[in-house]
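Heads up: the structure comes next, in structure tokens.
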Amino acid sequence: MLAALFVALPFQTLAETTLQVQQTLPDETVSNFSWCNNLIDALSEGALTLITFAVCSAAMTLYKRFTDAPAPVRVKSDRAEAEEIQAHAVQPMKPSSPAKGAPAHVISRATTSDRKIAQDDVRSWRVGKPAKSPSSKLAVMTAFATPARAPSTFETDALAAAVRSGRFSELPRMLDAAYHRACLKHADDQQALKAAATQHLLSTLRACATIRRHREALGIFSHMANRIDYDCGNVWSLLLYNAIEAGAFEKCTECVDKLSAVPLSSYDLVNIVRYYAHWRDISGLIQLIKRQDALGAKFDAITRNRALAACVTEGAIDVAETLLTGNVWRECLDTVGFNTLIKGYSRSGHVSKCFELHEQMNAAGQRPSEVTFGILLDACISSDDLNNARRVFQDLRNSGLRMNAVHFTTFIKGLVASGDFMEADTVLQDMLCSPHTEPDLITYSTLVKAYADRGQVESAVGILKQMLNRHVEPDEVIFNSLLNGCVCRPSPMSAKEVFAVFDELIGYGLKPSAATLSILLKSLVRGEAWEAALQLLRGVPARFRMETEPRLYAQLAQACITVGRGNVLQEVYEEFLASPASRNPHIAENVNGRLLKQCIRCARPEFASMLLDIALQAGSCVEPRVAVMVRDAIQRKGNPRSSCARNFNA
């Protein structure tokens, strides 16, 4: 505050001096200098505000620095560490006290190369502040146990930073350098040496698990396997998690044996259950539960629910049933657990078992939730059991639970699949009347596709209009599904009717793509509107500002070959050769091959001869193998040798 006053004082003095000068000057002069006084006042106030803010910020920084907890003791600087390493390296090692259990090559080279390795690798530990690693929901749900860790050191922080930055190729050298440093520091204490190597490995494995580089974690463990303390449970917990996430279930056996000898943490139990579920090892899981019961381990409902979900994900519903046995659970199976089992049986197609579990759930006093009814409804729809679906939907309505759009959409999907469109429309109207079940894009897409697949284009357009009135933006899938109704109509539509639907969709916001134009071509071909189809392809660049894709030309040409319209085929093929895409040799060879093979399959060698003549005259690429096939087809047909056949021999 004193600094603020000292800085602001000259401004105040200047203002007072100016005021005194104004009092001695005539009124006209004072009025001329009034704007200057205002400017000086504004500048002084602004400067005072900025200086006050700066002083307060500095005071807060000093306050935090002197009141925060003291920082942990930092490791020695690079220079001090190098000097210490040099001092250790110079001192001769006593031959009578080698480090027990240390590798022979480490002991023999300790006095000759350790100093060089340590000094050369000092710079490898100079890393900046590591970036934050990405989070993962799966890592949170099935993560390894995280007990109290040893205090971090310079080496462990550097190893973790190397993992997070993706420098896996440098990790073996960095781990070796850290181990050599530990050998020098704990030359007479083998247990401390193993503890240091174990902490290096743990830091690296944790970092790999955080950024989901699980296979790299397994390789790092292999590199450090002969240096660590095998009695450290954290190592096996981390290794098991990384192995399972990497899909290396064959490497989990030793981890499971090491961990299951003691009471498990909830995270380790879930991972071991995933291991048994993968191998469908029910007997192994039973033995695990008995062993944990004998050790006095107890697990909560959340742990069992996560283990059940792991079994369902692996498709091992029989293994999930095993988790319902044993005395290691503190609580009875709750609603979430029942829902998980019902979903597992629903995926496996056992709908009757789903309803049995629903009855057991009610008998156990567990109230079904919205998720329970949703799973049951989906199970009925997937098995085409519409009667049970109606019963479940009605029970949901009578339960007092809040229904959502997924419930209605699932039921509507089953109704339209069975062709009951009137009831589906009734359910849609009920959905519109409910304040919590606003139809979404999936709901409308389901109805539009169902109507379009049965050729009811008018009804599909009506659903589209309702959708637009509810301010739901349609996507290309809905437009293409509706346009496909012109193809699925029992009687072919005329070109005028097809273009009327197409233009109406464009008015509703359709932006045609190649897939859209392909469906439109199918509709025109089905009504044998060949000239309209050809005009559509010709007008694509001007009307839609996009190049006509080669596959559209090929699609129309193949339709001409199938029905035997040779004159239209020639026009379409010449249009393709005039397009920019035909100048690409790979595209031209692909399209020519498709058309010529289609001619051979349809027993129309005269079409193949015509196309080949046009292609050769235009200099278009034709695969030699396909040309030979055309020649053989012409000869089998008994036609006279054409110009193309003479070109083959040439």
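The values are calculated or read from the model by the stated rules, or taken from the named source; none is laboratory data. Computed from a predicted model, the values in this text were never measured in an experiment. Glycine gets a Cβ as well: all are built from the backbone with ideal geometry, and neighbour counts include every protein chain shown.
Could you go through the stretch 593-606 and let me know if any residue there is more than 22 Å from Ala532 (Cα to Cα) and of a type in the set (Val, Ile, Thr). Outline the logic, then answer.
At the first step, the residues of the stretch 593-606 found to be more than 22 Å from Ala532 (Cα to Cα) are 593-594, 596-606.
From what's left, of a type in the set (Val, Ile, Thr): 600.
Yes - at least one qualifying residue is present in the stretch 593-606.
Which residues, counting only those in the stretch 498-528, are at negative phi, touching a Pro at 6+ places or on another chain (Cβ under 9 Å) and among the small types (Gly, Ala, Ser)? Within the stretch 498-528, Ser523, Gly527 qualify.
Could you please let me know if Leu468 is more than 17 Å from Leu556 (Cβ to Cβ) and buried (at least 21 other Cβ atoms within 10 Å of the Cβ)? If you could, list the steps in order and put the result at the bottom.
On the way: more than 17 Å from Leu556 (Cβ to Cβ): yes; buried (at least 21 other Cβ atoms within 10 Å of the Cβ): no.
Judged against the criteria, Leu468 is not a match.
Restricting attention to the stretch 265-310, the residues being more than 31 Å from the chain's Cα centre (by Cα) and not basic (Lys, Arg) number 15. Looking only at the stretch 156-188, residues that are surrounded by 14 or more Cβ atoms within 10 Å (Cβ to Cβ), of a type outside the set (A, V, I, L, M, F, W, C) and farther than 19 Å from Ser222 by Cα come to 6 in all. Any residue that is of a type outside the set (Asp, Glu), touching a helix residue (DSSP H, G or I) at 6+ places or on another chain (Cβ under 8 Å) and under 21 Å from Leu524 (Cα atoms) - is there at least one of those in the stretch 416-425? Scanning the stretch 416-425 turns up no residue that is of a type outside the set (Asp, Glu), touching a helix residue (DSSP H, G or I) at 6+ places or on another chain (Cβ under 8 Å) and under 21 Å from Leu524 (Cα atoms).
Of all residues in the stretch 125-178, which are farther than 24 Å from Trp236 by Cβ, of a type in the set (Gly, Ala, Ser) and modelled with pLDDT of 90 or more? Outline the logic, then answer.
We begin by selecting, within the stretch 125-178, every residue farther than 24 Å from Trp236 by Cβ; these are 125-132, 134-135, 137, 154, 158, 161, 165-167, 169-170, 173, 177.
Filter once more, so that each one left must be of a type in the set (Gly, Ala, Ser): 128, 131, 135, 158, 161, 165-166, 169, 177.
Across the stretch 125-178, the qualifying residues are Ala158, Ala161, Ser165, Gly166, Ser169, Ala177.
The set of residues in the stretch 418-440 that are surrounded by 15 or more Cβ atoms within 10 Å (Cβ to Cβ) and either in contact (Cβ under 8 Å) with a residue 60 or more places away in the chain or not in a loop (DSSP other than H, G, I, E, B) (or both) comprises Phe421, Glu423, Ala424, Asp425, Val427, Leu428, Met431. Within the stretch 278-299, residues that are surrounded by fewer than 16 Cβ atoms within 10 Å (Cβ to Cβ) have Cβ atoms under 8 Å from residues that are basic (Lys, Arg) in these pairs: Lys298/Arg330, counting only partners at least 6 apart in sequence or on another chain. For beta carbons closer than 9 Å, sequence separation of 6+ or different chains, a first residue in the stretch 348-371 that is under 14 Å from Asp395 (Cβ atoms) and a second that is among the aromatic types (Phe, Trp, Tyr) and surrounded by 17 or more Cβ atoms within 10 Å (Cβ to Cβ), the qualifying pairs are Cys354/Tyr345; His358/Phe338; Met361/Phe338; Pro368/Phe338.
For the stretch 377-392, how many residues are of a type in the set (A, V, I, L, M) and in contact with a Leu (Cβ under 8 Å, 6 or more places away or on another chain)?
Initial filter on the stretch 377-392 (of a type in the set (A, V, I, L, M)): 377, 379, 381, 386, 389, 392.
Add one more test, that the residue is in contact with a Leu (Cβ under 8 Å, 6 or more places away or on another chain), and what stays is 377, 386, 389, 392.
Counting residues in the stretch 377-392 that are of a type in the set (A, V, I, L, M) and in contact with a Leu (Cβ under 8 Å, 6 or more places away or on another chain) gives 4.
Among the residues of the stretch 601-650, those identified as outside any helix (DSSP H, G or I) and either under 54 Å from the mean Cα position of the chain (by Cα) or at pLDDT 90 or above (or both) are Cys602, Ala603, Arg604, Gly619, Ser620, Cys621, Val622, Glu623.
Just checking, which of Glu476, Glu458 is surrounded by fewer than 20 Cβ atoms within 10 Å (Cβ to Cβ), touching a residue at least 12 places away in the same chain (Cβ under 8 Å) and under 30 Å from Met546 (Cα atoms)?
Working: Glu458 fails: touching a residue at least 12 places away in the same chain (Cβ under 8 Å).
When all the criteria are applied, what remains is Glu476.
Residues of the stretch 268-303 that are over 21 Å from Ala248 (Cα atoms) and acidic (Asp, Glu): Asp293, Asp300. With (1) closer than 26 Å to Asn592 by Cβ; (2) not assigned by TED's automatic domain parsing to the domain that holds Phe576 as the list, and Val477 as the residue in question, which single condition is left unmet? Unmet condition: (1).
Pairing residues of the stretch 319-343 that are of a type in the set (Ser, Thr, Tyr) with residues that are outside any helix (DSSP H, G or I), at Cβ distances under 6 Å and at least 6 apart in sequence or on separate chains, gives Thr335/Gln366; Thr335/Ser369. Restricting attention to the stretch 379-417 and to residues that are of a type in the set (Lys, Arg) and in a helix (DSSP H, G or I), the residue that is farthest from Tyr444 (Cα to Cα) turns out to be Arg391. Within the stretch 544-565, residues that are touching a residue at least 40 places away in the same chain (Cβ under 8 Å) sit with their Cβ atoms under 6 Å from residues that are polar (S, T, N, Q), at 6+ positions apart or across chains, in these pairs: Gln558/Gln598; Ile561/Gln598. Mind listing just one residue for me: the one in the stretch 528-576 that is out of contact with any Ser or Thr (no Cβ under 9 Å at 6 or more places or on another chain) and polar (S, T, N, Q) and, of those, surrounded by the fewest Cβ atoms within 10 Å (Cβ to Cβ)? Ranking the candidates gives Asn567 first. When the criteria are applied in full, Thr210 fails the requirement of being buried (at least 20 other Cβ atoms within 10 Å of the Cβ) and among the β-branched types (Val, Ile, Thr).
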